[in-house]
Amino acid sequence: MSTTPAQRQIRFNAFDMNCVGHQSPGLWKHPKDQSARYKDLSYWTDLAKTLEKGKFDGIFIADVLGTYDVFGGSNEVPLRAGTQVPVNDPMMLVSAMAAVTEHLGFGVTAGTAYEHPYPFARRLATLDHLTKGRVGWNVVTGYLPSAARNMGQEDQLEHDERYNHADEYMEVVYKLLEGSWEEDAVVRDVERGIFTDPTKVHEIKHEGKYFKVPGIAITEPSPQRTPVVFQAGASPRGLKFASENAEAVFVTSPTKEILKETVTKIRDAAEAAGRDRYDVRIYAMQTIVTGPDTASAEAKFEDYKSYADIDGALALISGWMGVDLSTYGPDDVIGDNVKSNAIQSSVATFQKASGDDGNPWTIRQLAEWVGVGGFGPITVGSGAEVAEKLIDWVAETDVDGFNLAYAITPGTFEDIVEFVVPELQARGAYQSEYVEGTLRNKLFGKGDRVQDSHKAANYRLSDAKVG
């Protein structure tokens, strides 16, 4: 029987995206926001150094391969508001950030829907080599119909079938990274002229419903073999996928009550799958607005709110839900009869959300909430006040830490490092030094490889389950 880890410390990821604005549509207009520099490598390398100074676990880089054109059935609003478009590839950023840091991890989002797992496994292994094992893969199945259309499909697969497809995708990746090359396959024997021992490299012989991959991986084993697996689905089917694959889960909940319920479901699902319930790190989305004192933090928040783009926020919500909110009035509420083929957990969360008066949020209230920092809660206050509130969140919800969205960048992250991190460290609630080794070892302190209870372990060569 597993128990809550003793002396739990709060963990931070920075939540960003290779685009303008990310979770705060309209805040790109703020004079101190630099998100329009997403095209400049120096923005990313400077941010990486700031986050490592603040002892963040990593930077969690979101991504989409389509536009948020569900709202009004058009690209007009997302283009005008800068709602996650234009957007560039996230993987291109990692090597540069790794070169200027020693410990920071990189959780990179990549979908299973539109790229074959064979070349993708090579890209994962390459990044794991170049970063000395500091890479994680945020596995997404996709939710924007525009991406499917541009990849030659009429629409996405049905929600649960996307996860069935992803299950086989993961199986191929695991076979390639865990089970094709033996640990000592590369011998570099100069005298005999043998770089790799051919007897220690094995075909995976995979043949399934979606993929046929008969041959060998073409990369030698990287420090982690399989990078740390991140996942963000909290629907019933998403939970099953997470219970078998995820080592870190990103959740979005506007209240402690909803978050506690979600965290419990994730830990229960992991335990039901034969894993320790605390072998999954759970990060909840949060936006922090802070400063040297309460008054300055509150003034910043009011300033930020004045730049929010309501239509841009509605475009985000519509894309997440797969529901065109332009067909609703501003004072309407989202009913229980909404069906989604996008992010089903988002629909459920939006339906549960309510204001201080206990009434369901209207469309207008949802948009105002999402306008600064996305759908996660916003914590405003001095560094000391924020630290105490975060400690309360962890104690009351059993979450491990926070995926920190920004209002403005890099200012939001700089403020957290300056004002919040020292307060948490003074309370013994945040790491003062990094654990050595790979990202997996930093997160769990159990070595570089996936645990034996993890699904990927089924495909290790030692278990003779390749092919």
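The values are calculated or read from the model by the stated rules, or taken from the named source; none is laboratory data. Keep in mind the model is a prediction, meaning the values are calculated, not measured. Cβ sites come from the backbone with ideal geometry, for glycine too, and all protein chains shown count toward neighbours. Protein only, heavy atoms only, side chains kept; ligands, DNA and RNA dropped before computing areas. Shrake-Rupley method; radii C 1.70, N 1.55, O 1.52, S 1.80 Å.
Test ALA36 against the stated conditions and say whether it is open to solvent by 50 Å² or more (accessible area, probe 1.4 Å) and at pLDDT 95 or above.
Taking the combined requirement at face value, the residue satisfies it.
Search segment 420-457 for residues being farther than 30 Å from TYR169 by Cβ and assigned to a helix (DSSP H, G or I), and hand back the single one that is most open to solvent (accessible area, probe 1.4 Å).
ALA426
Could you please let me know if GLY72 is in contact with a helix residue (DSSP H, G or I) (Cβ under 6 Å, 6 or more places away or on another chain) and within 18 Å of ASP415 (Cα to Cα)?
Against the criterion (in contact with a helix residue (DSSP H, G or I) (Cβ under 6 Å, 6 or more places away or on another chain) and within 18 Å of ASP415 (Cα to Cα)), GLY72 does not qualify.
So, of the residues in segment 150-161 that are more than 11 Å from TYR114 (Cα to Cα) and in a helix (DSSP H, G or I), which turns out to be least open to solvent (accessible area, probe 1.4 Å)?
It comes out as HIS159.
Just checking, does segment 241-252 include any residue being more than 22 Å from the chain's Cα centre (by Cα) and of a type in the set (Phe, Trp, Tyr)?
No, segment 241-252 has no match at all.
Being under 23 Å from ALA147 (Cα atoms) and either in a strand (DSSP E or B) or at pLDDT 95 or above (or both): is that true of LEU65 here?
Taking the combined requirement at face value, the residue does not satisfy it.
Please determine whether any residue of segment 176-190 is among the small types (Gly, Ala, Ser) and without any contact (Cβ under 8 Å) to a residue 24 or more places away in the chain.
no
Could you tell me whether any residue of segment 28-44 is assigned to a helix (DSSP H, G or I) and in contact with a strand residue (DSSP E or B) (Cβ under 7 Å, 6 or more places away or on another chain)?
yes
Suppose we keep only residues that are in contact with a helix residue (DSSP H, G or I) (Cβ under 7 Å, 6 or more places away or on another chain) and of a type in the set (S, T, N, Q) within segment 133-169. Which one would you say is farthest from ASN245 (Cα to Cα)?
Here the residue is GLN156.
Kindly indicate whether any position in segment 409-418 is out of contact with any Leu (no Cβ under 7 Å at 6 or more places or on another chain), assigned to a loop (DSSP other than H, G, I, E, B), of a type outside the set (Val, Ile, Thr) and at negative phi.
No.
Provide a single number: the residues in segment 62-83 that are crowded, with 22+ Cβ neighbours inside 10 Å, under 15 Å from GLY374 (Cβ atoms) and touching a Leu at 6+ places or on another chain (Cβ under 7 Å).
Adding up the residues that qualify gives 2.
Scan segment 390-416 residue by residue and report those that are over 17 Å from TYR283 (Cα atoms) and surrounded by fewer than 20 Cβ atoms within 10 Å (Cβ to Cβ).
GLY411, GLU414, listed by residue number.
Within segment 119-149, which residues are in a helix (DSSP H, G or I) and within 27 Å of GLY73 (Cα to Cα)?
Residues satisfying the conditions are PRO145, SER146, ALA147, ALA148, ARG149.
If you scan segment 104-137, which residues turn out to be open to solvent by 10 Å² or more (accessible area, probe 1.4 Å) and either closer than 30 Å to GLU158 by Cβ or within 18 Å of the chain's Cα centre (by Cα) (or both)?
ALA110, GLY111, ALA113, TYR114, GLU115, HIS116, TYR118, PRO119, ARG122, ARG123, LEU127, ARG134
Which numbered condition in (1) out of contact with any Phe, Trp or Tyr (no Cβ under 8 Å at 6 or more places or on another chain); (2) among the basic types (Lys, Arg); (3) under 25 Å from GLU385 (Cα atoms) is the only one that ARG277 fails?
Evaluating ARG277 over (1) out of contact with any Phe, Trp or Tyr (no Cβ under 8 Å at 6 or more places or on another chain); (2) among the basic types (Lys, Arg); (3) under 25 Å from GLU385 (Cα atoms) leaves (3) as the failure.
In segment 177-200, which residues are touching a strand residue (DSSP E or B) at 6+ places or on another chain (Cβ under 7 Å), part of a loop (DSSP other than H, G, I, E, B) and not aliphatic (A, V, I, L, M)?
SER180, ASP197
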